[in-house]
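Worksheet: one structure, shown below.
The values are calculated or read from the model by the stated rules, or taken from the named source; none is laboratory data. Please read these numbers as outputs of a predicted model, since none were measured by experiment. With ideal geometry, Cβ positions are generated from the backbone for all residues, glycine too; neighbour counts draw on all protein chains shown.
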C-alpha cells in the first residue's frame, strides 16, 4: 500500500466514540460508532446514501472476534434492522463523498470483504451466505482501488480482520516453533497477534479440561482450516490468532502459555526474545 494521510474527526472528542475518517485524495469516507451511540450514527446524512457496513463484536463463548458485513442503498434504514442482533458492539460504514457508488458497486465490495473475512481463521463471520456482483472490467478495477483505501482505514478504526497475512518465506528469520509429542507448528508474531503457518501440526486429541480450546479447534476443522491427517491435525492454511497463547493452545490441545512454548530455532522462548528487544 502507498503512504497516506488519514484525517480522523472525533465528533464528541472521544477516541472510541462517533468519528469519521478520510484519506487524502480519496472520494470515500468512513463513519464509525460504538453501539451506545448508534442513534447518532443513524442520524448522519451520509448514511442515507449507498454504502457497505461492518458490525463487529466478540463471541461470548470463545472470545473470538465476530463480524457481519452488509450493504444497502440506504445504510441508515438497513442498520435499524440489526437492532435485535446482540453479537455486535460497534458499526463502521463506508460511503462515497461524490455519491458514485451504485448497488452493483457495493455488492461487489461486500462480496470481496466477506471472502477476505472468511479466510481469516481468527474471526467468526456472521453472514449466512456469500454475496458479490459482477462488474464491467473498468468498474471492477475502480472498486478494487476503492477497497484498497478502505483496507488502509479499517485497522485504524479498530478492525484488523482484513490485514494481509505474513509471508512465511520472507520472514523466515523470525519464525517460532511450538512442539509437542513429536509434532511441530511454525508461526510468527504479527501486529494483530500471532499467525500459525500452513503445514503446521497439532495434536489430535483435546485435553479433557480444554472446553474453550476444543470448541475453537472444532470450528477450525469445520472451516477446513485444520484437517485430520493420521494421528495428528494439520493447518491447511495460515491462521491468525489473537495471541501466542491462543495459537499455542490450539496446537497443543489445551491451555498453553504461548510466551514460553513458542521458541526460535535456537530454543529461546518468545518471552525472552521480547525481553531482549526491550
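For residue 263, the test of being outside the structural domain of residue 58 (by TED's automatic domain parsing) and either within 24 Å of residue 119 (Cβ to Cβ) or surrounded by 22 or more Cβ atoms within 10 Å (Cβ to Cβ) (or both) is failed.
Scanning segment 28-69 for residues that are touching a strand residue (DSSP E or B) at 6+ places or on another chain (Cβ under 8 Å), in a loop (DSSP other than H, G, I, E, B) and in contact (Cβ under 8 Å) with a residue 60 or more places away in the chain returns 59, 64. The single condition among (1) in contact (Cβ under 8 Å) with a residue 24 or more places away in the chain; (2) in contact with a helix residue (DSSP H, G or I) (Cβ under 9 Å, 6 or more places away or on another chain); (3) assigned to a loop (DSSP other than H, G, I, E, B) that residue 85 does not meet is (2). Whether a residue is surrounded by fewer than 18 Cβ atoms within 10 Å (Cβ to Cβ), closer than 19 Å to residue 59 by Cα and in the same structural domain as residue 56 (by TED's automatic domain parsing) was assessed, and residue 138 does not pass this test.
Note on segment 193-216: residues that are assigned to a helix (DSSP H, G or I), out of contact with any helix residue (DSSP H, G or I) (no Cβ under 7 Å at 6 or more places or on another chain) and in contact (Cβ under 8 Å) with a residue 40 or more places away in the chain amount to 2. For residues that are surrounded by 19 or more Cβ atoms within 10 Å (Cβ to Cβ) and touching a helix residue (DSSP H, G or I) at 6+ places or on another chain (Cβ under 8 Å), scanning just segment 65-75, find the one that is farthest from residue 117 (Cα to Cα). Ranking the candidates gives 75 first. Could you list, in sequence order, all residues of segment 88-121 that are assigned to a loop (DSSP other than H, G, I, E, B) and surrounded by 20 or more Cβ atoms within 10 Å (Cβ to Cβ)? Across segment 88-121, the qualifying residues are 101, 120, 121. Screening residue 255 on (1) in a helix (DSSP H, G or I); (2) over 16 Å from residue 123 (Cβ atoms); (3) in contact with a helix residue (DSSP H, G or I) (Cβ under 6 Å, 6 or more places away or on another chain) shows it passes everything except condition (1).
Residues to consider are 242, 248; find the one that is in the same structural domain as residue 225 (by TED's automatic domain parsing), touching a strand residue (DSSP E or B) at 6+ places or on another chain (Cβ under 9 Å) and over 19 Å from residue 161 (Cα atoms). Step by step, each of 242, 248 is checked, and only 248 is in the same structural domain as residue 225 (by TED's automatic domain parsing), touching a strand residue (DSSP E or B) at 6+ places or on another chain (Cβ under 9 Å) and over 19 Å from residue 161 (Cα atoms). Residue 188 meets the conditions (1) under 27 Å from residue 60 (Cα atoms); (2) surrounded by 20 or more Cβ atoms within 10 Å (Cβ to Cβ); (3) out of contact with any helix residue (DSSP H, G or I) (no Cβ under 6 Å at 6 or more places or on another chain) in every case but one. The failed one is (3). Taken over segment 217-234, the residue count meeting the criterion of being under 20 Å from residue 179 (Cβ atoms) and either buried (at least 16 other Cβ atoms within 10 Å of the Cβ) or in contact (Cβ under 8 Å) with a residue 40 or more places away in the chain (or both) is 6.
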